[in-house]
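Structure provided below as structure tokens; questions to follow.
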Amino acid sequence: MRESCRRVKGRVFTCLACLLVCAFAGVSANAEPSAPRIVCRATLAEARRTELAAQLRAITGWAGLHFDGEGFLRFGSAGPAGGSQSARELLAAAEAGENLLIIEDASGSADVVFSRVLEGRWKGGSGGRPPAYVIQIDFKDFSHVMGDRAALAAFNAGWGALHEIEHAVNDSADAQRPGDSGACEAAINRMRRECGLAERAEYFYTPVPGAERGDFKTRYVRLAFTQARPSDKRRRQYWLYWDAALTGVGADAGQVASR
Ligand SMILES: [Zn+2]
């Protein structure tokens with residue numbers, strides 16, 4: 001997500017090995033294509049795992065999707081029931097790829113606004129372990145979002161995780177200018193369509209008109225979603241709102257697009 005998501009090429013995580021060594025004892029760069037490639041850190045609380053897995057089950061239609069006892073995301077053996085084919089293909093591609101995707105709880109972090117992905121580096125060298133990306137999710141930020149129900153269903157930690165996985169797996173780019181949703185969100189919007197949900201109309205959030213005249217301690221912003229109405233083919237618009245003073249603006253402060 002723009003407000004969050006910048007693929008930080010030059011920055012590294014240096015503490016992977018100490019926290020993950022046990023979980024990855026059986027994972028090598030030459031693992032079989034079916035080896036699990038998405039894992040959460042031990043510090044991701046059970047309630048967060050449950051929340052994230054439930055959201056990913058709803059999106060993928062994989063009723064058996066869950067985090068196993070070692071934190072690996074398992075897709076389950078049940079066939080899909082509804083959900084997004086594109087989301088299933090993205091997760092399957094992640095599992096077939098060589099990169100390890102590590103989900104981390106960044107709730108309360110001033111640097112993470114909703115979610116972002118960083119390149120990881122194994123402490124003491126890779127030692128034959130696979131390349132790693134760290135997907136940071138600020139669950140608290142999502143709890144600050146208000147707005148239309150149709151838009152809320154299309155914007156949660158599960159959608160944020162898929163956005164970051166899309167970056168890591170397909171190297172899709174985010175939008176560079178206002179009015180564009182970007183290649184990464186275009187892929188995520190395809191998933192939303194397949195789920196019958198509203199699509200994110202823009203990558204950039206914008207200040208709520210007139211909000212700057214209110215309480216100076218708040219900084220309300222909004223993000224548009226749209227969905228086609230079968231009745232008349234016109235697209236209906238839905239809005240999400242949040243106080244950017246609570247979620248933070250990350251390193252992109254001052255770059256919030258204005259209309
Ligand atoms: Zn992004």
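Being within 11 Å of the ligand (Cβ to nearest atom) and closer than 24 Å to Arg48 by Cα is the filter here, so list the residues in segment 168-187 that pass it.
Once the filter is applied, which keeps residues that are within 11 Å of the ligand (Cβ to nearest atom) and closer than 24 Å to Arg48 by Cα, segment 168-187 yields Ala168, Glu185.
If Ile165 satisfies every condition in (1) away from the ligand (no atom under 11 Å from the Cβ); (2) under 22 Å from Gly82 (Cβ atoms); (3) among the β-branched types (Val, Ile, Thr) but one, which is the exception?
So Ile165 meets the others, but not (1).
Could you run through segment 176-229 and say how many residues are outside any loop (DSSP other than H, G, I, E, B), among the polar types (S, T, N, Q) and either open to solvent by less than 30 Å² (accessible area, probe 1.4 Å) or without any contact (Cβ under 8 Å) to a residue 24 or more places away in the chain (or both)?
Total meeting the criteria: 3.
Now for a different question. Condition first: within 16 Å of the ligand (Cβ to nearest atom), in contact (Cβ under 8 Å) with a residue 40 or more places away in the chain and assigned to a loop (DSSP other than H, G, I, E, B). Can you find one or more residues in segment 130-147 that meet it?
Yes, segment 130-147 has at least one match.
Looking at Pro36, Pro80, which is the one that is of a type outside the set (A, V, I, L, M, F, W, C), modelled with pLDDT of 90 or more and in contact with a Lys or Arg (Cβ under 7 Å, 6 or more places away or on another chain)?
Pro80
Here's something else I'd like to know. Would segment 155-173 turn up any residue that is closer than 19 Å to Ala47 by Cα, modelled with pLDDT of 95 or more and either among the polar types (S, T, N, Q) or open to solvent by 40 Å² or more (accessible area, probe 1.4 Å) (or both)?
Scanning segment 155-173, I find at least one residue that is closer than 19 Å to Ala47 by Cα, modelled with pLDDT of 95 or more and either among the polar types (S, T, N, Q) or open to solvent by 40 Å² or more (accessible area, probe 1.4 Å) (or both), so the answer is yes.
The values are calculated or read from the model by the stated rules, or taken from the named source; none is laboratory data. Fair warning: this is a prediction, and the values are worked out from it, not measured in the lab. We place every Cβ from the backbone using ideal geometry, glycine too, and count neighbours over all the protein chains shown. Just the protein is used for accessible areas: all its heavy atoms, side chains included, with ligands, DNA and RNA removed. Shrake-Rupley method; radii C 1.70, N 1.55, O 1.52, S 1.80 Å.
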